[in-house]
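Heads up: the structure comes next, in structure tokens.
The values are calculated or read from the model by the stated rules, or taken from the named source; none is laboratory data. Keep in mind the model is a prediction, meaning the values are calculated, not measured. Backbone-built Cβ (ideal geometry, glycine too); neighbour counts: all protein chains shown.
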Amino acid sequence: MKVQIFITFATVAVFQLLAFSTTVQAQIANPYPQMTKQVAAPVPKLALIGAVGETKAGVAYHKIILTITNADKYDSEMFAVPAGTKLPPNPCGYAATRVVAAVYAEGGKHYASCMPVPRPGSLDRFSFLIEKGKTVPPFVFVVLTDRKTGAAYRSNLISPSTGLSK
């Protein structure tokens, strides 16, 4: 009987410790609890506009120019930073915008990690560079991150060479 009571108390204690641990971990993982609500937004539809040559500091690049074809479907409120709103630290360091964009290869390699997006119209035309002579990835995608809510919106895949989508 005493063993059974001990096992019951031990089991309750373990469950309480696990519950407490999970709560603490959730608070550590999300230090901005107000950022848990995702804003309803369309999935970005990425398309290729074209590519041009560009030279910076004596290095030749392919400048890949992209667009989000459904940028007009984004509510401008998604990009607004209301007065008094404290956003988390910006991974871009310099941009005071709420939404930032990043371009990745299909395999996950970064090509442009921090592009500020101050308004939906900024999605009409943006670009990233690939050094000439380097391998051009078969497909890339864009991730829009809302720093206020923590939500991330991933686009379709597009070929920077042909414009084909998948």
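For (1) surrounded by 15 or more Cβ atoms within 10 Å (Cβ to Cβ); (2) out of contact with any Cys (no Cβ under 9 Å at 6 or more places or on another chain), each residue gets a yes or a no:
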position	(1), (2)
101	yes, no
104	yes, yes
110	no, yes
115	yes, no
124	no, yes
133	no, yes
137	yes, yes
140	yes, yes
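In region 114-144, the qualifying residues are those that are free of Cβ contacts under 8 Å to residues at least 60 places away in the same chain and either in contact with a His (Cβ under 8 Å, 6 or more places away or on another chain) or charged (D, E, K, R) (or both), and the one that is nearest to residue 75 (Cα to Cα) is 119.
Residues that are modelled with pLDDT under 95, part of a loop (DSSP other than H, G, I, E, B) and of a type in the set (A, V, I, L, M) within region 124-163 comprise 136, 151, listed in sequence order.
Restrict the check to region 76-83 and report whether at least one residue is surrounded by fewer than 18 Cβ atoms within 10 Å (Cβ to Cβ), at pLDDT below 95, within 23 Å of residue 40 (Cβ to Cβ) and more than 19 Å from the chain's Cα centre (by Cα). Taking every residue of region 76-83 in turn, at least one turns out to be surrounded by fewer than 18 Cβ atoms within 10 Å (Cβ to Cβ), at pLDDT below 95, within 23 Å of residue 40 (Cβ to Cβ) and more than 19 Å from the chain's Cα centre (by Cα). Based on this model, can you work out whether residue 49 counts as within 20 Å of the chain's Cα centre (by Cα), surrounded by 11 or more Cβ atoms within 10 Å (Cβ to Cβ) and within 21 Å of residue 142 (Cα to Cα)? Taking the combined requirement at face value, the residue does not satisfy it.
Could you tell me whether any residue of region 57-73 is without any contact (Cβ under 8 Å) to a residue 24 or more places away in the chain, in the same structural domain as residue 121 (by TED's automatic domain parsing) and at negative phi? No, the conditions are met nowhere in region 57-73.
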